[in-house]
Amino acid sequence: MQLAPQHRIYVCFFLFAVSMGALLARMPDLQLALGVDRSELGLTLIGAAVGALTALTFASPIIERLGARTTAFITVLGTSALIATVPWMASAPLVFCILILEGLLAGSLEINLNVEIDRIEAQLGRGVMNRAHGFWSLGFFLTALAASGIRQAGVPMHIHLGVTFAFVLIVGTWVISGMRNAPARVTHHEEAKAPLIALPTAGLLPLCGIGIAAFLIEGAGIDWSAIYMRDVFNSEPFIGGLGLTSFTFFMAAARLLVDPQVDRFGARAVATILLVLAAAGVIAVWAAPHPFVALLGFGLMGAGCSAVYPLSVSAAAQRTDRPSHVNVAAVAQMSFVVFFLAPPLLGFIADHAGMRIAYLICLPLIIYALLSIKSLPSRRRADQPTDASAGSAA
């Protein structure tokens with residue numbers, strides 16, 4: 001069976017999400033296996049963020065040298081292999097080290113797949129970037145749904161993650177073997193080379209705030225939902241896992257469906273609605289009197305944070321004060337700093353004030369994002385090339 005180039009990228013995003021989702025769905029089991037509290041678990045998880053941000057900053061020349069196909073082999077299969085070793089680690093420091101390596105590969109994977117799908121867009125003459133990220137969300141949703149039943153059935157974590165790796169290895173080897181490097185886009189050579197660390201200007205700070213709010217909501221929903229359901233409601237593993245399932249389902253659905261609404265109503269209106277939904281979800285999780293109210297809240301959070309970050313990056317790319325790739329890098333790197341702060345911050349708050357308050361901490365940032373919403377364009381300009389804007393939004 002022949003796969004189109006963009007379909008191979010879709011599968012790579014999907015497989016990466018399957019691996020990550022399987023690990024995150026087992027967070028309660030990992031916490032118990034390591035014998036750590038929530039703050040210590042948060043500090044352990046930060047290893048992946050350290051590795052990812054390092055790769056996002058420094059890995060581009062290596063990826064350019066290796067090419068898309070070789071990099072995909074190393075990163076897609078490598079992240080899954082490292083994740084499969086986590087249950088065999090005897091202590092939190094060892095897991096931290098494994099997650100640093102996994103983060104290095106994951107950050108490289110993000111650069112490689114996003115650059116490659118952008119080049120494929122240039123060949124196709126139409127946007128496929130958001131759909132590619134939709135497959136990432138779809139993979140997370142399906143994995144979360146399956147993991148709920150797997151945990152309920154009492155399948156050990158090392159078997160669960162081992163089988164997941166076997167699946168990724170078989171499918172990934174077949175799909176990536178047929179990958180061919182797409183030609184690079186034609187760029188404006190007069191633009192200055194982007195710095196390794198692109199600092200935001202004053203004009204970019206509102207967009208950074210919007211992106212940071214989206215990342216914090218996503219981290220709270222993905223990393224801590226299963227532990228929230230266990231600690232707050234003492235839920236069975238199946239019900240507890242539905243928090244992650246609800247979050248990822250609505251996030252995937254919104255990403256796959258929101259593009260026509262952005263074209264019709266504009267980024268500002270769509271982002272406002274999404275942020276209001278996210279705020280409603282956070283309040284529902286904070287005040288939930290029943291597990292099903294919390295599940296509804298997680299669904300609203302997933303839909304609410306779905307397209308907010310891509311919209312902020314797209315707005316940064318449309319600014320004319322600096323080269324677009326510098327502005328995009330500034331927003332992306334500032335937003336990824338949240339991966340350093342969110343796991344230990346939420347874990348620390350959960351230990352000292354409870355899981356409900358840990359989620360409420362997202363609300364001030366959502367309010368700031370809503371106050372910054374004017375930094376997003378109200379409507380897409382009619383003369384703006386669709387494929388270029390889609391590539392910049394990645």
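The values are calculated or read from the model by the stated rules, or taken from the named source; none is laboratory data. Just so we're clear, the structure is a prediction, and the values are computed from it rather than from any experiment. Because the Cβ atoms are built from the backbone with ideal geometry, glycine has one as well, and the counts that use them run over all protein chains shown. To get the accessible areas, we keep the full protein, side chains included, count just its heavy atoms, and leave off ligands, DNA and RNA. Shrake-Rupley method; radii C 1.70, N 1.55, O 1.52, S 1.80 Å.
Numbers for the structure displayed
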{"read-out": "All helices (runs of 4 or more DSSP H) inside segment 21-113 with 2 or more residues being open to solvent by 50 Å² or more (accessible area, probe 1.4 Å)", "value": "27-34, 38-58, 60-66, 68-72"}
{"read-out": "Residues located in segment 290-314, provided they are modelled with pLDDT of 95 or more and not in a helix (DSSP H, G or I)", "value": "none"}
{"read-out": "Some residue of segment 248-268 being hydroxyl-bearing (Ser, Thr, Tyr) and crowded, with 19+ Cβ neighbours inside 10 Å", "value": "yes"}
{"read-out": "Phe73 being more than 30 Å from Phe233 (Cα to Cα) and aromatic (Phe, Trp, Tyr)", "value": "yes"}
{"read-out": "All positions within segment 234-250 that are within 16 Å of the chain's Cα centre (by Cα) and closer than 15 Å to Ala25 by Cβ", "value": "Leu244, Thr245, Ser246, Phe247, Thr248, Phe249"}
{"read-out": "Given (1) open to solvent by 10 Å² or more (accessible area, probe 1.4 Å); (2) part of a helix (DSSP H, G or I); (3) of a type outside the set (S, T, N, Q), index of the condition Val155 fails", "value": "(2)"}
{"read-out": "Some residue of segment 345-362 being at pLDDT 85 or above, open to solvent by less than 70 Å² (accessible area, probe 1.4 Å) and among the aromatic types (Phe, Trp, Tyr)", "value": "yes"}
{"read-out": "Matching residues in segment 1-15 - criterion: being open to solvent by 10 Å² or more (accessible area, probe 1.4 Å) and in contact with a helix residue (DSSP H, G or I) (Cβ under 9 Å, 6 or more places away or on another chain)", "value": "Leu3, Ala4, Pro5, Gln6, His7, Arg8, Tyr10, Val11, Phe14"}
{"read-out": "Failed criterion for Gly240 (all others in (1) small (Gly, Ala, Ser); (2) modelled with pLDDT of 90 or more; (3) buried (at least 24 other Cβ atoms within 10 Å of the Cβ) hold)", "value": "(2)"}
{"read-out": "Yes/no for Asp231 being within 17 Å of Gly354 (Cβ to Cβ), among the charged types (D, E, K, R), within 19 Å of the chain's Cα centre (by Cα) and surrounded by fewer than 24 Cβ atoms within 10 Å (Cβ to Cβ)", "value": "no"}
{"read-out": "Tabulated pairs, segment 243-260, first under 15 Å from Trp224 (Cβ atoms) and among the basic types (Lys, Arg), second modelled with pLDDT of 85 or more and open to solvent by less than 20 Å² (accessible area, probe 1.4 Å), C-beta under 8 angstrom, 6+ apart or interchain", "value": "none"}
{"read-out": "Ala226 being part of a loop (DSSP other than H, G, I, E, B), surrounded by 16 or more Cβ atoms within 10 Å (Cβ to Cβ) and either at positive phi or modelled with pLDDT under 85 (or both)", "value": "no"}
{"read-out": "Identity of the residue in segment 279-310, among the β-branched types (Val, Ile, Thr), farther than 16 Å from Gly240 by Cα and more than 16 Å from the chain's Cα centre (by Cα), that ends up surrounded by the most Cβ atoms within 10 Å (Cβ to Cβ)", "value": "Val282"}
